[in-house]
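Chemist: What follows is a structure written as structure tokens; I'll ask about it next.
The values are calculated or read from the model by the stated rules, or taken from the named source; none is laboratory data. Computed from a prediction, not measured in an experiment: that's the story for all the values here. Using ideal geometry, Cβ is built from the backbone for each residue, glycine included, and neighbour counts are taken over all protein chains shown. Surface accessibility is based on the protein's heavy atoms, side chains included, excluding ligands, DNA and RNA. Shrake-Rupley method; radii C 1.70, N 1.55, O 1.52, S 1.80 Å.
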Amino acid sequence: MLIWQYIVTGKLYILVGLNLKNEMGKLFNPTKRTFAGPWLLNNSSLEELHEIIEYADYELSKTLDEKIDATALKDFDDKKYESFEEAKKYALKYSFDRKRKDITLISNNESRLTDNSIKELLVDPKVKNFKPKELSVDIEYGSLDIFSFNVKQRFDGELEYNVKATKSEVEDEINYRLENWVDKYKPLFIQTWWLKLAFPLAIFAGLTFLLTAVNISSTYRPNSIQVHKEQIEAIIENGVNKENQTEAVELLLKINSGYISDDVEEETRINQTAKRVSIIALAFCLIGIFKPKTIIGIGKHKRTLKFYKYYLRFVLFVIPAIFVYPYIIEFIKNLI
């Protein structure tokens with residue numbers, strides 16, 4: 001028996017359905033989940049993923065077998081077929097013929113390596129010459145039991161999986177294992193934002209670098225007062241007398257006329273503020289250009305994966321430490 005009640009909270013009207021026979025609610029979660037990169041996946045993480053996929057394959061296959069048996073038994077009981085085996089054969093052929101398990105590794109040159117499991121891909125000798133950019137897993141048992149997994153370098157290097165199972169407990173268990181795997185290997189929050197903001201960061205930092213770089217150095221020609229500054233200060237200090245009267249008059253004439261002799265050379269001055277801003281802007285521009293990306297660290301990408309791990313640590317920890325270090329030292333000196 002279903003009773004509908006209106007609950008009024010301020011201006012918000014909430015329609016609540018109460019099932020008197022079953023008070024337990026059911027939460028429906030989206031089956032497809034997407035996680036932004038960069039994902040750095042090594043052999044260990046892929047081997048753990050292999051175990052999850054094999055578990056999903058087994059459970060979805062078993063669910064399909066149970067549905068085939070149930071359908072065949074019903075058809076046999078309804079006298080549609082002479083034997084249970086015949087009913088099962090036709091159920092398998094016409095009702096549940098949709099079976100698929102594809103595990104594919106795609107390289108940078110669009111070459112594809114397909115096998116029955118991730119473990120078999122890892123031990124395949126051909127994978128040594130691969131530069132994988134995408135790993136795709138598609139498992140289907142009928143139209144209602146589906147498992148898909150995809151991770152790629154393109155776009156945000158995102159990872160995506162989709163789990164649909166007839167049995168909710170099977171779907172929940174597969175999702176639980178996948179969520180634990182994702183939590184274990186997901187990128188740091190700052191790495192994800194670095195990847196997302198890389199393009200605008202590179203543009204903004206590049207423009208800032210160009211605008212400040214042209215102002216780092218400037219040519220300067222001193223005026224008449226600056227050229228004769230030392231002579232003027234000497235006369236002011238000693239006072240005007242008969243000995244320096246002629247020199248004083250000569251200086252007044254030079255200053256009033258703005259006279260500068262030809263042997264006075266132009267000076268090159270460095271704008272320290274513009275210099276510092278340019279260096280920082282250039283560093284951020286390079287960081288935006290050489291952004292992190294998803295790496296499937298097998299085959300020829302094993303070394304690339306190691307490089308990216310060191311590169312990310314350098315950018316995220318070493319560079320900030322270099323900029324902050326002088327201020328820390330200065331702070332400690334002030335305390336002492």
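Chemist: Which residue pairs have Cβ atoms closer than 6 Å, lie 6 or more positions apart in sequence or on different chains, and pair a first residue in the range 283-306 that is at positive phi with a second residue that is of a type outside the set (Phe, Trp, Tyr) and assigned to a helix (DSSP H, G or I)?
Modeler: Matching pairs, first to second residue: 299/127; 299/128.
Chemist: Identify, please: which residue in the range 83-133 is of a type in the set (Gly, Ala, Ser) and at pLDDT 90 or above and is, among those, surrounded by the fewest Cβ atoms within 10 Å (Cβ to Cβ)? Break it down into steps so the answer makes sense when it comes.
Modeler: Going residue by residue through the range 83-133, those that are of a type in the set (Gly, Ala, Ser) are 83, 87, 91, 95, 107, 111, 117.
Pick out the ones that are also at pLDDT 90 or above and you get 107, 111, 117.
Values: 107: 19, 111: 13, 117: 16.
The extreme case among them is 111.
Chemist: Go through (1) open to solvent by less than 40 Å² (accessible area, probe 1.4 Å); (2) part of a helix (DSSP H, G or I) and name the single condition residue 253 misses.
Modeler: The failed condition is (1).
Chemist: Given the structure, is residue 243 in contact with a Phe, Trp or Tyr (Cβ under 7 Å, 6 or more places away or on another chain), open to solvent by 80 Å² or more (accessible area, probe 1.4 Å), of a type in the set (D, E, K, R) and more than 21 Å from residue 316 (Cα to Cα)?
Modeler: Working: in contact with a Phe, Trp or Tyr (Cβ under 7 Å, 6 or more places away or on another chain): no; open to solvent by 80 Å² or more (accessible area, probe 1.4 Å): yes; of a type in the set (D, E, K, R): yes; more than 21 Å from residue 316 (Cα to Cα): yes.
Here the answer is no, as residue 243 does not meet what is asked.
Chemist: Among the candidates 306, 293, single out the residue that is part of a loop (DSSP other than H, G, I, E, B) and among the charged types (D, E, K, R). Reasoning before the result, please.
Modeler: Values: 306 fails: part of a loop (DSSP other than H, G, I, E, B).
Testing whether each residue is part of a loop (DSSP other than H, G, I, E, B) and among the charged types (D, E, K, R) leaves just 293.
Chemist: Next question, about the same structure. Pairs please, first residue from the range 210-237 and under 25 Å from residue 257 (Cα atoms) and of a type in the set (S, T, N, Q), second anywhere and open to solvent by 60 Å² or more (accessible area, probe 1.4 Å) and in a loop (DSSP other than H, G, I, E, B), Cβ atoms under 9 Å, 6+ apart in sequence or on different chains.
Modeler: 219/266; 224/259
Chemist: Here's something else I'd like to know. For the subset of the range 131-147 comprising residues that are touching an Asp or Glu at 6+ places or on another chain (Cβ under 9 Å) and hydrophobic (A, V, I, L, M, F, W, C), which member is nearest to residue 41 (Cα to Cα)?
Modeler: Here the residue is 137.
Chemist: Being without any contact (Cβ under 8 Å) to a residue 24 or more places away in the chain and of a type outside the set (D, E, K, R) is the filter here, so list the residues in the range 169-196 that pass it.
Modeler: Listed by number, the residues that qualify are 176, 180, 189, 193.
Chemist: Still on this structure, please answer the following. Among the residues that make up the range 256-270, is at least one of them loosely packed, with under 11 Cβ neighbours inside 10 Å and closer than 30 Å to residue 315 by Cβ?
Modeler: Scanning the range 256-270 turns up at least one residue that is loosely packed, with under 11 Cβ neighbours inside 10 Å and closer than 30 Å to residue 315 by Cβ.
Chemist: Where in the range 1-75 are there strands (runs of 3 or more DSSP E), lying fully within it, with 3 or more residues that are exposed (fewer than 10 other Cβ atoms within 10 Å of the Cβ) and modelled with pLDDT under 50?
Modeler: Values: elements: 2-9, 12-19, 32-35.
So the answer is 2-9, 12-19.
Chemist: Let me ask something else. Among the candidates 309, 291, 302, single out the residue that is charged (D, E, K, R) and open to solvent by 90 Å² or more (accessible area, probe 1.4 Å). Spell out how you get there, then give the answer.
Modeler: Details: 309 fails: open to solvent by 90 Å² or more (accessible area, probe 1.4 Å); 291 fails: open to solvent by 90 Å² or more (accessible area, probe 1.4 Å).
Testing whether each residue is charged (D, E, K, R) and open to solvent by 90 Å² or more (accessible area, probe 1.4 Å) leaves just 302.
Chemist: For the structure I just gave you, tell me whether residue 161 is closer than 30 Å to residue 195 by Cβ, surrounded by 17 or more Cβ atoms within 10 Å (Cβ to Cβ), in contact with a Leu (Cβ under 7 Å, 6 or more places away or on another chain) and not β-branched (Val, Ile, Thr).
Modeler: Details: closer than 30 Å to residue 195 by Cβ: yes; surrounded by 17 or more Cβ atoms within 10 Å (Cβ to Cβ): yes; in contact with a Leu (Cβ under 7 Å, 6 or more places away or on another chain): yes; not β-branched (Val, Ile, Thr): yes.
Yes.
Chemist: In the range 158-192, what residues are among the hydrophobic types (A, V, I, L, M, F, W, C) and touching a Ser or Thr at 6+ places or on another chain (Cβ under 7 Å)?
Modeler: Within the range 158-192, the subset among the hydrophobic types (A, V, I, L, M, F, W, C) is 159, 163, 165, 170, 174, 178, 181-182, 188-190.
Selection gives 163, 165, 170.
Chemist: Mind checking which residues of the range 204-221 are exposed (fewer than 15 other Cβ atoms within 10 Å of the Cβ) and either under 30 Å from residue 286 (Cβ atoms) or out of contact with any strand residue (DSSP E or B) (no Cβ under 7 Å at 6 or more places or on another chain) (or both)? Steps first, please.
Modeler: Of all residues in the range 204-221, those exposed (fewer than 15 other Cβ atoms within 10 Å of the Cβ) come to 207, 210-211, 214-215, 217-221.
Of everything in the range 204-221, those that are exposed (fewer than 15 other Cβ atoms within 10 Å of the Cβ) and either under 30 Å from residue 286 (Cβ atoms) or out of contact with any strand residue (DSSP E or B) (no Cβ under 7 Å at 6 or more places or on another chain) (or both) turn out to be 207, 210, 211, 214, 215, 217, 218, 219, 221.
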